[in-house]
1. Report, in debye and to the nearest 20, how large the dipole of region 88-146 comes out about its Cα centre when Lys and Arg carry +1 and Asp and Glu carry -1 on their Cβ.
2. Using θ = phi - 60° and the Karplus form 6.51 cos²θ - 1.76 cosθ + 1.60, what ³J(HN,Hα) does each residue of region 27-36 get, whole Hz, x for Gly and Pro?
3. 5 Å is the cut-off here: which amide hydrogens, built 1.01 Å from N in the peptide plane, fall below it relative to Arg239, excluding neighbours closer than 5 in sequence?
4. What percent does the relative contact order of the chain come to when contacts are Cα pairs within less than 8 Å and at least six residues apart?
5. Residue separation times 0.36 nm, minus the C-alpha to C-alpha distance between Glu210 and Ser265: what's the value?
6. Output wanted: per-residue J couplings in Hz (rounded whole) for region 178-190, from phi through Karplus 6.51 cos²θ - 1.76 cosθ + 1.60, θ = phi - 60°, x for Gly and Pro.
7. Taking all pairs of different Cα atoms in the chain, averaging 1/r and flipping that mean, what Kirkwood radius in angstroms comes out?
8. Quick query: amide H of Ala311 versus all other amide H atoms, modeled in the peptide plane; which residues come in under 5 Å with a sequence gap of 5 or more or a different chain?
Amino acid sequence: MDHVIIGAGPAGVVAAETLRKLDKSAGITLIGDEPEPPYSRMALPYYLVQQIPEEGTYLRKTRDYFGHRKINLVQDRVTSVLPDEHTLRLDSGETMRYDKLLIATGSRPVSPPIPGIEQEGIHTCWTLDDGRAIAASTGPGAKIVLMGAGFIGCIILEALAKSGADLIVVEMEDRMVPRMMNATAGNMIKQWCIGKGVHVLTSTRVMAIEPGDGHRFKVILDQGVPLDADLIVSATGVRSNIGFLEGSGIQTETGVLIDRNMRTSAVDVYAAGDVAEGIDFSTGDYSVQAIQPTATEHGLLAAKNMAGLDARHKGSINMNVLDTLGLISSSFGLWMGTDKGDSAEQVNPARYQYLNLQFEEDVLVGATTLGLTLHVGVLRGLIQTRVRLGKWKERLKADPSRIMEAYLACTQPVSINTGLF
């Protein structure tokens, strides 16, 4: 049995390791299209601030890790998939056959349609090569414009701010992290960043990037004066990397559509990670959950199914945890609420603390926290188990901070006093 995995990120690496554990004799090939060993994009900010060397970003640190496990690591780009022939075509001109195929090609950064965005010196911080270029231009006194204050943008923001650079963040939405935080929490994060010396412009668009006068770039905005920049980092979103599947017949929408066994519409072809569009736990609809915990879970499940087991996916839960200059925020499930639901909210702006709970009937379906880390796991647990809160719903609406009491009351077995002692 020959297993081929396209994509050497967390989903692909976990899948390769799991396949080897389940089948000691199978052929396993892991294809990555970058010259470095498999690495974590989430580690790039730590590399930027020199907390780790390049090797610290590698997903597996041991020398010849993959060779020792008889996992064939190929550095090439897949240009097309021919499912009827069980064959791949590579950028090198070679072809490769497979018995089972896993598509784990992740996401790619989206470049906004801004005049001048193609110039040298504008980076996405998506690859180690980007990281090297940014690190070389970052430091005390450097003028940096960061386009985008979403989840990825805020991770990069931390590294750029710690470098001592003069950092300005430009976000087109009315708050920071708009796909993770509501207006209250998103603007509290904004005020926190401003207090840490980072300039943040929300409800602002970059209209063009021109050559600068005294600095490398001049960033033209839809309002206010232009910004000088020595370096521009674009973090305006990502999209599932599915372009190479055009003409393959494999069904795609936002990503590659998969069933609960991680199978695509093509026989013997599976998908996992940021490229996979599967069942959303909260809504039952199909969605892409582009976060590393989902990618590793997908990789594990896909490998088990490729090896002949029946490992069913229960659905991905929307889950984000972010550290922005020391302020921890998180959101789970339907954090924005539902049409038929109601909510509870507790806010302390002076201490940068916020808690928002979203209910549907007496079930917790979503939550948002800021500056509160103690019971984050409890929130996720209540959402994933869909436990009925009963009278505890009204108690939480009166005081959302009693979430641990509610969890214990609603999930622990009731002890019965028999009167024997």
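Read-outs throughout are calculated quantities, based only on the coordinates presented, and are distinct from any laboratory measurement. These figures come from a predicted structure and were not determined experimentally. For neighbour counting, all protein chains shown are included, and Cβ atoms are generated from backbone atoms with ideal geometry for every residue, glycine included.
1. On the way: 6 positive and 7 negative charges, 36 e Å.
Taking the Cα centre of region 88-146 as origin, the dipole is about 180 debye.
2. My calculation for region 27-36 gives x, 10, 10, 10, 9, x, 9, 10, x, 8 Hz in order.
3. Excluding prolines and chain starts, which carry no amide H, the hits are Arg108, Val110.
4. Numbers: 909 pairs, mean separation 57.8, N = 421.
Dividing the mean separation by the residue count of the chain yields 14 percent.
5. Details: separation 55, 0.36 × 55 = 19.80 nm, distance 4.57 nm.
Full extension of this stretch gives 15.2 nm more.
6. After applying 6.51 cos²θ - 1.76 cosθ + 1.60, I find x, 8, 9, 10, 6, 4, 4, 5, x, 7, 5, 5, 4 Hz.
7. On the way: mean 1/r = 0.0428 Å⁻¹.
Final number for the Kirkwood radius of the chain is 23.4 Å.
8. The answer is Asn305.
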